[in-house]
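A.B. asks: Encoded as structure tokens, here's the structure I'll be asking about.
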Amino acid sequence: MKNTEHTTLKQASQRFFAEQQLPEASLDRFEKMLPAADASEPVSPSRLETDSPTLQQAASNRLKPAALTASITAAVIVGSIWFVPSLSPTDQQLLSLSSPVKSTDQSQQQMIAAIADEVTKNHIKLKPLEVTSQDFDTVRDYFTQLDFSPQVSRYFPKISSTTLTMAGGRYCSIRSETAAQLRYLSSPQTSLTEPSSTKQWSTLYQTQYNANTFGALPRVEQGQAPIKTYSRGLKVSIWVERQLLMVSVEDAH
């Protein structure tokens, strides 16, 4: 079967190239680029036999441009067929959608949405605090199992619409990375251990920032604004500060 296909392809190629023609002007230009016998010199019958090699050479020169042109044409056509395949509109659209830049942006958007979904879910559950204190140092000293030290955020108080009071914290995670959940009270009348509503609480999550895990995120210390989004009806802000990933959750006023 392979021999049949090879013969058919060969015959088709031969027929194709045999049908190709170039304008006379193109042949003349090629001919001028090649050495040729002086056509203006008369050829007598007595010299016909002795000069036959010269005439044969001239005839051969006349054929060279056509042969050269056919070779160039063949190379272009074969290259177009084998190396530049045409794409359907659907394939072009898929190729555009799979570009590295768009793929990276989409992946980062998915990461942001996943982070927001996870922290708002924990915020709504309001699991009991493992340490309660209005002193930040006391709360921070509780997290001995972390490989980082929780920090007072310089940005977090600015994004809250109310004055916050430290209430305590507990262990949690963000995308499988161990994190500290720091809980702040926005209503002084509320008990630290038995909150009655999520509206009275704001939560700040902190974990070690790793770009390979979380992707590129804004750094407030470089003047970059935090990412603000919404999930489960709550307002979420995401940023990097002091090489820690910080995520705040509060009621969407």
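The values are calculated or read from the model by the stated rules, or taken from the named source; none is laboratory data. Remember, it's a predicted structure, so these values are computed and weren't measured experimentally. Note: ideal-geometry Cβ built from the backbone for every residue, glycine included; neighbour counts use all protein chains shown.
A.B. asks: Which one of the conditions (1) surrounded by 11 or more Cβ atoms within 10 Å (Cβ to Cβ); (2) modelled with pLDDT of 90 or more does residue 104 fail to meet, given that it meets all the rest?
C.D. replies: (2)
A.B. asks: While we're on this one: Going by what's in this entry, would residue 198 be described as in the same structural domain as residue 131 (by TED's automatic domain parsing), β-branched (Val, Ile, Thr) and modelled with pLDDT under 85?
C.D. replies: When the stated conditions are applied, residue 198 passes them.
A.B. asks: Next up: Among the residues that make up region 184-192, is at least one of them at pLDDT 90 or above, in contact with a Phe, Trp or Tyr (Cβ under 9 Å, 6 or more places away or on another chain) and at negative phi?
C.D. replies: yes
A.B. asks: Is there any pair linking a residue in region 213-240 that is exposed (fewer than 14 other Cβ atoms within 10 Å of the Cβ) to one that is small (Gly, Ala, Ser), with Cβ under 7 Å and at least six apart or on different chains, and which?
C.D. replies: Every condition considered, the pairs that remain are 228/237; 230/252; 233/252.
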